[in-house]
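Scroll down for the structure; my scribbles are underneath it.
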Amino acid sequence: MNPKTVKDIMTKEVVSVFPETSLLEAAKILYNNRFTGMPVIDQNGILVGIITEYDLISMESETLTHIPTLQKIFQTIPAGEGHEKEIEKLFLLKVEDVMNPDPLVLSGDATFEETVNIFKEHHRVNPVPVLDDQKKIIGIVSRSDLVKFFTEFPVTLKRVKTFAEQATAEKTGSLVEKSVALLEENYQLVSKISEIGQGESGEHFTLFNKMIPAITRARNLDQALAEVVKIVCSSTNWVLGEIWAHHGNKLFLRMKFAWSTHDHELEKFINYSRGFIFALGEGMPGRIWLSKKPEWENDVSKMSVSTFLRAKFAEECNIKAAFGFPVLDDRDSVIAVIVFFMQKASRKDEGFVRFISAVANGLNLFFRYKLLEERTVLLRSAIGSSSQSILISSPDAEIIFINKAWELMTGYSFDEVVGKNPSELWGGHMTNDFYEKLWQIIKTEKKPFSGELENVKKNGVKYWQESHITPILDEYGEIKFFMAIAAEITEKKQKEQFQDEFVSIIGHQLRNPLITISWLIEWLSKSTNLTEEDKEKIKNIYQQNKSLSSFVEDLLMLSRTGKNNLTKEKFDFKFEIHMILGEVQDHNPEVKLNFYTEGEDLSISTNKSMATQVFSNLIYNAAEYADKNRGEVKVKIAKTEDGLLFSSHNNGPEIAEEDKSKIFSKLFRSDMAKEYKKSGTGLGLFIVKTICDSFGWNVWFESGAGRGTTFYVKIPL
Amino acid sequence: MADIDTINISPPNLIYKTILIVEDEDALRWALKENLIKEGFNVLDAKNGQEGLDFALKNHPDLIFLDLVLPKMFGLDVLKKIREDDWGKNALVVVLTSLGNGELEKQAEGFSVKDFLQKKDWKLDEVVKWVKHKLEY
């Protein structure tokens, strides 16, 4: 675990003194234990002050410069004249006389950050007592405790690595983000410690401190590793460093980078090494690559050529101690081998081995996530500034990101929505059916969804948005994210609603008188005292009224096509066709109607009234334009591999070649049609085409002399 | 034409079935009423929703023709009130409307209406025939 609070790093066994303790006694304890300071407590264990080396040094007397020195004087030199009074005074001094009665303290729940800061802000303060609520001492923390944490850096990195692995395994964006955050946190922690660590001992620490800016500047892992090698070589006894990596295929290694101090011999050795290609398992780099374990040689120049292939050159160039280690990726395969050389023999320095390999291996991870983070930043700035509203969510609809435009659209800020589900925010105002269908498409079918949703802004105002939601899949075809692009369409929607109402009112106002006229004429025609001529005129008015009625119906139907808000239902296709056929037969009693079906479960799910309009129009047409004497219509629904195929065939005349391209046009009536049927709106097939287009159905026809005409509708399932 | 609202003759072959027509369009109401009376029905008519509701609850007709777009009280509100009544719970109400398919589905959602007749689809004769069939005449 990361140090979260001061408790994680403080020393719990605290040596304290009482205010009455003699100063000399206290000084002795400090010296013998190498303490820099001690808390002072009363009989109840309550903190009353602190006594530090510093307090002793800064005592007013000029002769008392340093307690340890003073102590030496006591031990070795007999009390001299002139010092007597001072010494006497010293003997009488108690801790309470010099202690700082108002020391800086930390509470037990102080965070690691706060702990670091207290040392950063107060350069002379050391150590700092840690107290519980009752002001009792529960521990003490000193600068060295912080530095000690740093030595555990490799362990921390390993933890980050595990976390990153987990993130990769779970393939979730938020975990990856957390890993990045954790890594970042650790990195900052280390930087922070390096700040307060100034002046403290710790060779590795200083080294790492030097590496930080170079690593931060580096653009990729290769570059960062090279920087690390360079820094090690210019700051330590390791004067030459090499990076070995794959050459061509995965079986051979070649030196990719080398750096040394400015030295003729070292440069010569590098040039020799450039000529080497090691097979896996061969030579020091090859062995390390295979074993994945560091190797340390006290003196390679004394080794046999069989174990150190470059032994002769090492001898010639005065190369002695060598240390190599593998750089592993997160799947534990070697990506490089780094070898350092010294110009003198040296025994293994475990601390350095641990330190430098942890740094190198940590770098790999660092860069993986740095890259990821850079991409994220790039992506964020790109989509962040888009005028389109963009939202990214996890596969479970947990919001990961919204851009500025989305904030403006909904009134919610990024921070308010992150980690939440849209249904807790602006969503959840459509029917359950709607959402079920939406999820079916994007999550189960993994296909993009487009639709209009009514949502509620943060201020409670309802609004309409047009959304396009796309599932973003990973290489295994699993959903990684959902990305939604939306635009507010409230205004458009309001216009549409107005238009709907307008059409509905007009429709009603037109229909009513038309129906009334129709019924009145019907009644009138039954009158007994009508002449044949009157009857003919009445019949005429009736026909005109009827065609006006159908025109109004057609217009109303057209005004409804292409609307997204139509209700859908599953219905029995076969049954509906039977119904239509009955109606058509009533109107065209002389035509022979046939109906065939192929396949089971002939049901479709769509807006029923519009769908039946399509089939009704086509069957009516077929019947009305069938052969005048022996009219015959064949209607068929067949189940195909990918949907249903409706066809309506008649034995009528061929559609003229020049009319074929215009047959679905608005208000088009062919000469043949006019000949067959005097009244007609010229909207029938146009409506068929418009509805089919809006449903994603395919409609076409075939017509030939002697073969009649067939209209087809392909309904994809 | 005669004053259409005053015609109220009950033919001798009356079979005591009463029909209420709630319709604001005078000519339409008149045409339907005349034709039903001719068939021997007892016909009441109302020009607006409120009147329709009052007649219905007072006279308990065997069948009610109810338009949807009505003055004073909308057809579906009339229906709601009828359904709240003890007698009205099971009354035979036929919605006679000029609304189109889509609108009708939207409007009638949640109402128990046994039959919807769209005026445009029906000839006057057919309506009368349908009523006779419905009332097992």
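Amide H neighbours of A:Val48 under 5 Å, at least 5 residues apart or on other chains, H built in the peptide plane: list them.
Here A:Val40, A:Ile41, A:Asp42 satisfy the definition.
Which of the three applies to segment A:227-352, rounded, prolate or oblate, going by the alpha-carbon gyration tensor with a ≥ b ≥ c and a/c under 1.5 meaning rounded?
Rounded shape, in that the Cα axes give a/c under 1.5.
Note the direction-averaged projected area, equal to a quarter of the hull surface, for the Cα convex hull of segment A:623-712, in nm².
The number I arrive at for segment A:623-712 is 6.2 nm².
Between B:Leu92 and A:Ser413, what is the spin-label point distance in nm, taking each point 7 Å from the Cα along the Cα→C-beta axis?
Distance between the two pseudo-spin positions: 6.8 nm.
Roughly how many nanometres apart are two label points built 7 Å out from the Cα toward the Cβ at A:Thr307 and A:Asn529?
Spacing of the two 7 Å Cα→Cβ label points: 13.6 nm.
A:Glu316 to A:Ser387: FRET efficiency via 1/(1 + (r/R0)^6), r the Cβ-Cβ distance, R0 60 Å, to the nearest 0.05?
0.30
Once a ≥ b ≥ c are taken as the square roots of the eigenvalues of the Cα gyration tensor of segment A:568-622, is the result rounded (a/c under 1.5), prolate (a/b larger than b/c) or oblate (a/b not larger than b/c)?
Because a/c hits 1.5 or more and a/b fails to exceed b/c, segment A:568-622 counts as oblate.
Distance check, please: which entries in A:Lys437/A:Lys457; A:Lys462/B:Lys89; A:Lys495/B:Lys123; A:Lys492/B:Lys47 exceed 28 angstrom between their Cα atoms?
Listed pairs above 28 Å: A:Lys462/B:Lys89; A:Lys495/B:Lys123; A:Lys492/B:Lys47.
Which FRET efficiency value, to the nearest 0.05, do you get for A:Asn237 and A:Lys28 by plugging their Cβ-Cβ distance into 1/(1 + (r/R0)^6) with R0 = 30 Å?
The value I calculate is 0.15.
Students often check this: by mean Cβ neighbours within 10 Å, which of A:219-227, A:298-306 ranks highest, and how do the rest follow?
A:219-227, A:298-306
Over 23 Å apart: what share of the alpha carbon pairs of segment A:481-564 falls there, rounded to a whole percent?
Pairs farther apart than 23 Å: 48 percent.
Take the cross-link list A:Lys568/A:Lys608; A:Lys574/A:Lys608; B:Lys17/B:Lys58; A:Lys570/A:Lys634; A:Lys568/A:Lys634 and give me the ones stretching past 18 Å between alpha-carbons.
Distance filter (> 18 Å) returns A:Lys570/A:Lys634; A:Lys568/A:Lys634.
In whole Hz and in residue order, list the ³J(HN,Hα) couplings for segment B:17-28 that follow from phi through the Karplus curve 6.51 cos²θ - 1.76 cosθ + 1.60, θ = phi - 60°; x for Gly and Pro.
Values per residue, Gly and Pro as x: 9, 10, 10, 9, 10, 10, 7, 8, 7, 3, 4, 5 Hz.
What full-extension length gain, to one decimal in nm, is calculated for A:Asp8 and A:Gln585 as 0.36 nm per residue of separation minus the Cα-Cα distance?
Result: 198.8 nm gained on full extension.
With the Cα gyration tensor of segment A:505-640 giving a ≥ b ≥ c as the square roots of its eigenvalues, does the rule (a/c under 1.5 for rounded; else a/b larger than b/c for prolate; else oblate) give rounded, prolate or oblate?
oblate
From the phi angles alone, apply the Karplus equation (6.51, -1.76, 1.60; θ = phi - 60°) to segment A:258-272 and give each ³J(HN,Hα) in whole Hz, x where the residue is Gly or Pro.
9, 8, 9, 5, 6, 8, 4, 5, 5, 5, 5, 4, 4, 4, 4
Could you give each residue of segment A:36-49 its phi-based ³J(HN,Hα) in whole Hz, using Karplus coefficients 6.51, -1.76, 1.60 with θ = phi - 60°, and x for Gly or Pro?
For segment A:36-49, the Karplus curve yields 8, x, 9, x, 10, 10, 8, 4, 8, x, 7, 5, 10, x Hz.
Taking amide H positions as placed in the peptide plane 1.01 Å from N, state which residues far from A:Gly652 in sequence (5 or more) or on other chains have amide H under 5 Å from it.
Those qualifying (amide H under 5 Å, at least 5 residues apart or on another chain) are A:Asp627, A:Thr709.
Give me the distance in nm between label points sitting 7 Å out from Cα along the Cα-to-Cβ direction at A:Lys674 and A:Glu702, one decimal.
Simple spin-label model gives 3.1 nm for this pair.
Is there a simple number for the mean count of other chain Cβ atoms within 10 Å of the Cβ of residues in A:515-528, and what is it?
For peptide A:515-528, the averaged partner shielding equals 5.
Other chains near A:606-616: what is the mean number of their Cβ atoms within 10 Å of each residue's Cβ?
Average neighbour count from other chains, rounded to a whole number: 1.
Could you line up B:His60, A:His649, A:His264 from fewest to most neighbouring Cβ atoms inside 10 Å?
In order of increasing Cβ crowding within 10 Å: A:His264, B:His60, A:His649.
Calculate the FRET efficiency for A:Ser550 and A:Lys446 from the Cβ-Cβ distance with a Förster distance of 45 Å, rounded to the nearest 0.05.
Efficiency for this residue pair is about 0.50.
Quote to one decimal, in nm, the extra length available between A:Asp572 and A:Asn540 on full extension: 0.36 nm per residue of separation minus the C-alpha distance between them.
7.7 nm
Tell me which residues come under 5 Å, amide H to amide H, from A:Lys256 once H is placed; ignore anything under 5 positions away on its chain.
Sorted by chain and number, the residues that satisfy this are A:Ile243, A:Trp244, A:Ala245.
Laboratory data are not the source of any read-out in this text; all were calculated from the coordinates shown. Keep in mind it's a predicted model, so treat the numbers as computed, not measured. Heads up, the Cβs are rebuilt from the backbone with ideal geometry, glycines too, and the neighbour counts pull from every protein chain shown.
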